[in-house]
1. Just Val49, Val101, Val39 to compare: in a GNM of the chain, with alpha carbon springs under 10 Å, which one fluctuates most?
2. State which stretch of the chain is the longest one without any exposed GluC sites (Glu not before Pro), exposure meaning a DSSP loop state and at most 12 other Cβ atoms within 10 Å.
3. Can you compute the charge dipole magnitude of the chain about its Cα centre, using +1 on each Lys and Arg Cβ and -1 on each Asp and Glu Cβ, nothing else charged? Give it in debye, rounded to the nearest 20.
4. For region 140-215, state which chymotrypsin sites (Phe, Trp or Tyr not before Pro) are in a DSSP loop and have at most 12 other beta carbons lying within 10 Å of their beta carbon.
5. Can you tell which of Gly35, Phe211, Leu10 lies farthest toward the positive end of the dipole of the chain, using +1 and -1 charges on the Cβ of basic and acidic side chains (Lys, Arg; Asp, Glu)?
6. Once you wrap a convex hull around the alpha carbon atoms of the chain, what is its projected area averaged over all directions, in nm²?
7. Debye sum, Cα scatterers, region 114-207, no solvent: what log₁₀ I/I(0) at q = 0.10, 0.14, 0.21, 0.22 1/Å?
8. I want to verify a result. In a Gaussian network model of the chain, Cα cutoff 10 Å, which of these has the top mean-square fluctuation: Trp71, Trp24, Trp58?
Amino acid sequence: MFFARKQTQLVAPEETLPGHTERWFNLHDRHLALGTPVVTDEAPAGMEVAVFGLGCFWGAEEVYWQLPGVWSTSVGYAGGTTPHPSYEEVCSGATNHTEAVRVVFDPSVVSYAELVKRFFEVHDPTQGMRQGNDVGTQYRSAIYFTTPEQEQVARELTEVYGAELRRRGLGEITTEIREVPTYYYAEDVHQQYLVKNPNGYRCHANTGVRFPEMA
């Protein structure tokens, strides 16, 4: 029943599901691709955290764990109001969460700007509440910044990429940009899903437009 409904409008906060008071499942303690912790509520000294929503989080997490300088990744739910939701609850459209990937990275190796550029290149930020054939509010595009500096970079790069898309007649960016909301880890089956299922589903709907060179 959850999967038959394709909610394309956010619901009023008071109408979202009640969720759970705490995380109700266990997570594997080691990242299956990187060997680092999966739960990274306290990032190591010198590391930064970035949170993105770019469609189905299985493929999104794989994109980021492959980047040099990324120390750990996890998938979860963010942007809504339901605490500690289940995957089925998020897919119902009644939590207002989007599927998100949390990236812990070393800024001396890979910059936040590089993460944002990659974000824009590997999904289509003009599709609103969908990515390709994946339709629903949980697939919306989002950048959740964790510092004022990240916000500045995110907004500046969104303007640059948006201008390039408009020049090519490809529509307006619909990416939600706001301060990082509470991030809820997804169930263990979804963490590093494409390590566990190498031939699993990857949604990489994108515009085909590389991020333009900047002076």
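What follows is calculated from the coordinates using simple rules that are stated; it is not laboratory data. Computed from a predicted structure; not experimentally measured. Using ideal geometry, Cβ is built from the backbone for each residue, glycine included, and neighbour counts are taken over all protein chains shown.
1. Val39
2. Maximal segment without exposed cleavage sites: 43-171.
3. About 680 debye.
4. Passing both the DSSP loop test and the Cβ count: Tyr201.
5. Working it through, the farthest residue towards the positive pole turns out to be Phe211.
6. Spelled out: convex hull of the Cα atoms, projected over all directions, averaged, 12.1 nm².
7. Normalising to I(0) and taking log10 leaves -0.31, -0.60, -1.20, -1.26.
8. Taking springs between Cα atoms under 10 Å, the residue moving most is Trp24.
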